[in-house]
1. What do you get for the angle between helix 124-138 and the principal long axis of the chain? Use alpha-carbon atoms, 0 to 90 degrees, nearest ten.
2. Once the Cα atoms of the stretch 1-42 are picked out, what are the Rg and Dmax in Å?
3. In the stretch 73-145, which trypsin sites (Lys or Arg not before Pro) fall in coil by DSSP and have 13 or fewer other Cβ atoms within 10 Å?
4. May I ask you to give the percent of accessible area on the chain that is carbon plus sulfur, with a probe radius of 1.4 Å?
5. Output wanted: per-residue J couplings in Hz (rounded whole) for the stretch 73-89, from phi through Karplus 6.51 cos²θ - 1.76 cosθ + 1.60, θ = phi - 60°, x for Gly and Pro.
6. Determine the gain in length on full extension of the stretch H135-S41; use 0.36 nm per residue of separation and subtract their C-alpha separation, reporting nm with one decimal.
7. Add -39500 (n - 2.57) for each DSSP H run of 4 or more in the chain, then divide by its residues: what number comes out at 222 nm, to the nearest 500 deg cm²/dmol?
8. Which is the longest part of the chain that has none of the chymotrypsin sites (Phe, Trp or Tyr not before Pro) sitting in a DSSP loop with at most 15 other Cβ atoms within 10 Å?
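The values are calculated or read from the model by the stated rules, or taken from the named source; none is laboratory data. This one's a predicted model, so the numbers in the text were calculated from it and none came from an experiment. Ideal geometry is used to build each Cβ from the backbone, glycine not excepted, and the neighbour counts take in all protein chains shown. Accessible surface is based on the protein model in full, side chains and every heavy atom, while ligands, DNA and RNA are left aside. Shrake-Rupley method; radii C 1.70, N 1.55, O 1.52, S 1.80 Å.
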Amino acid sequence: MDSDELLTVAADWVWKPHDAVRVDAHGIRLQVWRGEATVLSTSGNEDAPGVLVERVLALARESAARAVLWAVHPLTPVPGLADALTARGATVAEELDISVRDLSRGVDEPDMPPNITVERVDTPQSLSDIYTVDHLVFGFALPDAEFRRNDIALLRDEVAAGPNRSDLRYVARVDGEPVGSAGMTLDSSVAKLWGGAVLPAYRRRGVYRALLSTRLAEGAARGATMALVKGRVSTSAPILKGVGFTTRGRETHYRIALDDG
C-alpha cells in the first residue's frame with residue numbers, strides 16, 4: 001500500500017459512535033454526537049470555501065449542534081479550507097500525525113513491565129472499566145443504562161465473531177487497577193489503532209507502550225500487514241516514532257463554537 005492509498009484510508013477514517021445522529025443535506029454529511037457536529041463529507045460542493053463553511057454551520061445549527069468539528073488533512077478536496085475556517089473563528093482542537101508501521105514481518109511479543117497487564121475487553125465488567133478510564137482522560141460523560149445495554153450487545157456480537165472479529169478494545173491495569181484503554185479496528189490488511197488513553201498519574205510508566213505493543217502483536221497475528229494510527233502531536237506521536245512508526249502526513253481538527261447568527 002503506497003502513501004496515497006494510506007492517506008486515503010486515513011482520510012476516510014472517522015470515529016462514528018453508534019448513538020450519533022447522521023444528518024445529510026445538499027451534499028453535506030454530518031454526525032451529531034453530544035452537541036458536536038463532525039463533518040464527514042461535503043461531496044458535490046464546489047463553492048468558495050467560505051461559502052461552504054457557512055452552509056455547514058447553518059446545517060449544524062438546524063441539527064441543534066453547539067459546535068462543529070472539521071478535519072483538514074493532506075487529501076482535503078477543498079483548497080483554502082483551513083484559512084476559511086480560521087477566518088470564521090475556528091480554533092485548532094488537536095493536531096494528529098498520520099503514522100504507519102509495517103507489520104508484514106510480524107512483531108515481537110509485548111514486553112510488559114511486571115505490574116502491568118493488558119487484556120482484551122470481552123466482558124461487561126472490563127467494558128465498564130474502560131468507561132471509567134475514558135471519562136477521566138477524555139472527559140466523556142459516563143454512559144447511561146441504555147447506552148451500556150447497546151454497547152454490551154455490540155460487544156457480545158464482536159466476541160461471537162471469533163477470528164472474524166474486526167473491532168477490539170483493551171484495558172490496561174497496574175496492580176489490577178484499570179488505568180488505560182485503547183482500541184483497534186481491523187480493516188482488510190490495515191490495523192487501525194485508536195483511543196489510546198492513560199490516567200495522568202500512571203503516564204511515563206510503560207502503560208501506553210504496553211497497550212500499543214499488544215495491539216500490534218494481535219493485529220499482525222490476525223493478518224494485518226500495516227498499522228495505521230493518528231497520534232496526537234503533543235503526546236503519543238513521539239512515542240510512536242520511537243517504536244518504528246513513520247509519519248506520512250498531518251491531520252488538523254478545527255472547532256467552531258456556534259453562535260446564533
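1. With both axes taken from Cα atoms, the answer is about 50 degrees.
2. 12.5, 37
3. The qualifying sites are R105.
4. On the way: 6570 of 13320 Å².
Percent of accessible area from carbon and sulfur atoms in the chain: 49.
5. Using θ = phi - 60°, the values come out as 9, x, 9, 4, x, 10, x, x, 5, 4, 5, 5, 5, 5, 5, 7, x Hz.
6. 31.0 nm
7. On the way: 7 runs with 84 residues, N = 261.
The helix contribution divided over the chain gives -10000 deg cm²/dmol.
8. Values: sites that count: W15, F140.
The longest uninterrupted stretch comes out as 16-139.
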